[in-house]
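Single-structure report; data block below.
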Amino acid sequence: MTVSSAPGKVYLFGEHAVVYGEPAVPCAIERRARVDVEARADDHVRVRAADLSLDGFTVEYTGSTDGRPDVDVPRPLVDAAMGYVDAAVDQARDAADAPDAGFDIVVESDIPLGAGLGSSAAVVVAGIDAATRELGHELAPEELADRAFRAEYEVQDGQASRADTFCSAMGGAVRVEGDDCRAIETPSLPFVVGFDGGAGDTGELVAGVRRLREEYEFAADTVESIGDIVRRGEELLRAADPDAPPTEELLVELGRLMDFDHGLLEALGVSSRSLDAMVWAARDAGAHGAKLTGAGGGGCIVALDSTPGSRTALRFTPGCEDAFQAELATEGVRVGDAGDAKGDGPAGAAR
Ligand code: PMV
């Protein structure tokens, strides 16, 4: 049996603008998806997903997701989860040149599904890594990231950027601009995540921004301004000492840029009442800055706060279902699961 785990991520800056060629800086967080893979003697694939934000389910199928048996959870959730696992299996079979390999797979995750924290990317990255290792192959992180991107691209009908999968494979902070993906050495950042228990429709939100951008020059300028924020934030990160704790000055300036970024995302119509309420709760509690993370519309916000203040305030904020501190995950995909930091324990939704 082989076990791999991979982290989720928050966008420090740049979601949506990254779709139009601007850079983005996602950061891996210590919330992981863990995938156990055991090779089978036949070519069947059996998947058990016991710890996602959906009811556990078990399915067995032969090689592809077609013709699966009845399961007792809503079909779209199963289809989504199975699509990612299936695509990861295809990539692992291809990488190991073992088209008929079969597996028993168990997926567990501490990352809320579809909420802007890169849950699917973490499952795909950990799944490909564990399955290829189980077949006696080891992929370099860059190849793993590329294969995971291709798996997500296929499942999401071409709507995937490289941000989530590259960040999950490499860990730490990364910079993504089109196909150009690089790691950024950065001090550990004190993230706090608030989760409203929901999820936005990424396709619809991206389409909404696209329409605004086409209709109004000032909306196009807004997207470019987000790019400017990312470039400024990246400069700050690169100038910081990665081996020392972040300075107060760095946190203050990053926080200001996060607040600015959230304001522009709000103007582009991708925030929501619950996301805004959580952003303001974190700011009022003394966070250096706060913004939505991911596509928006619902899901998660990320704040910068070294104290427990924002997390406590978020837990008392109507509309916030869960809040947790999540350090920057310096390690991306890794073998085994030992030493997983699971933040301070979810209050509900991710369990
Ligand atoms: O919600 P997520 O984590 O899937 O992020 C979506 C980010 C977008 O920039 C809105 C879309 C993308 O593919 O980059």
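Taking the C-alpha atoms only, the angle from helix 141-155 to the longest principal axis of the chain is near 90 degrees. Between 336, 200, 158, the residue with the greatest mean-square fluctuation in the GNM of the chain (Cα pairs under 10 Å linked by springs) is 158. Restricting attention to the chain, close to 90% of DSSP beta bridges with both partner residues there are antiparallel.
Given the options 143, 152, 15, state which has the largest fluctuation in a GNM of the chain using a 10 Å cut-off (strictly under) for Cα springs. Between 143, 152, 15, it is 143 that shows the largest mean-square fluctuation. Among 182-190, 310-318, 122-130, sorting by the average number of other beta carbon atoms lying within 10 angstrom of each residue, highest first, gives 122-130, 310-318, 182-190. Carbon-plus-sulfur accessible fraction, the chain (probe radius 1.4 Å, protein heavy atoms only): 47%.
Centroid-to-centroid, using Cα positions, the range 16-39 and the range 132-174 are 9 Å apart.
Counting only Cβ charges, +1 for Lys and Arg and -1 for Asp and Glu, the dipole size of the chain around its Cα centre is about 660 debye.
Helix-only arithmetic for the chain: the sum of -39500 (n - 2.57) across DSSP H runs with n ≥ 4, divided by the residue total, places the mean residue ellipticity at 222 nm at -12500 deg cm²/dmol.
Taking the longest Cα principal axis of the chain as reference, the axis of helix 248-267 is set at about 80 degrees.
What number does the chain give for Rg over Rh if you use C-alpha atoms and the Kirkwood radius?
Details: Rg = 19.3 Å, Rh = 20.0 Å.
Rg/Rh: 0.96.
Place +1 on the Cβ of every Lys and Arg and -1 on the Cβ of every Asp and Glu in the range 191-326, take the dipole about the Cα centre, and give the residue among 296, 263, 250 whose Cα lies farthest towards its positive end. Towards the positive end, the residue furthest out is 296. For the range 100-238, the Cβ-based charge dipole about the Cα centre amounts to some 320 debye (Lys, Arg positive; Asp, Glu negative; other atoms uncharged).
Tell me the angle of helix 119-134 to the major Cα principal axis of the chain, expressed in degrees between 0 and 90 and rounded to the nearest ten. Between the helix axis and the principal axis of the chain, the angle is about 40 degrees.
Applying 0.36 nm per residue to the separation of residue 221 and residue 182 and subtracting their alpha-carbon distance, the gain on full extension is 11.5 nm. Between 329, 199, 303, the residue with the greatest mean-square fluctuation in the GNM of the chain (Cα pairs under 10 Å linked by springs) is 199.
Please compute the per residue accessible area over the chain with all protein chains in place, 1.4 Å probe, rounded to a whole number of Å².
40
The values are calculated or read from the model by the stated rules, or taken from the named source; none is laboratory data. No experiment lies behind these values; they were computed from the predicted model shown. FYI the Cβ positions are ideal-geometry reconstructions off the backbone, even for glycines, and counts take in every protein chain you see. Only protein heavy atoms, including side chains, enter the accessible area calculation; ligands, DNA and RNA are left aside. Shrake-Rupley method; radii C 1.70, N 1.55, O 1.52, S 1.80 Å.
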